[in-house]
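Remarks on the structure that follows.
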Amino acid sequence: MTHKVQIYSKFPCPYCIRAKDFFNSKNMPFEEIDLTGNYDEIDQLKERTGHRTFPQIFINDQFIGGYSDLMEKIEDGSLKL
């Protein structure tokens, strides 16, 4: 099954790098949307998700959360990739 993965990131962001490394290690393609310096879009995204930190990860247009949220959902079985 192919998942549509979007990672909203900014620089510097070690958790953004971890998220991208994770998907690369699984050979899962993803779209990175780099919002570095784009404060209006950052504010809009934070308003949309209620999430204040980066990365912000969407899978199949569903907001997953950040890197730690992603790992937690994979470990507890609530997210299958």
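What follows draws every value from the coordinates through simple rules; no lab data is involved. These figures come from a predicted structure and were not determined experimentally. Neighbour counts are summed over all protein chains in view; Cβ atoms, including those assigned to glycine, are modelled from backbone coordinates with ideal geometry.
Miscellaneous remarks
- Remark: the range 1-47 carries a charge dipole of roughly 340 debye about the Cα centre, counting +1 on each Lys and Arg Cβ and -1 on each Asp and Glu Cβ.
- For the pair Leu79 and Arg18, label points projected 7 Å from Cα toward Cβ lie 1.2 nm apart.
- Residues in the range 3-31 that a label on Met71 would reach, taking backbone N under 17 Å of a point 7 Å out along Cα→Cβ: 13-26
- Look at Phe63, Phe54 and count the other Cβ atoms within 10 Å of each Cβ; fewest to most, that gives Phe63, Phe54.
- Look at the alpha carbon pairs under 8 Å that are at least 6 residues apart: their mean separation over the length of the chain gives a relative contact order of 36 percent.
- In this Cβ point-charge picture (+1 for Lys and Arg, -1 for Asp and Glu), the chain has a dipole of about 180 debye about its Cα centre.
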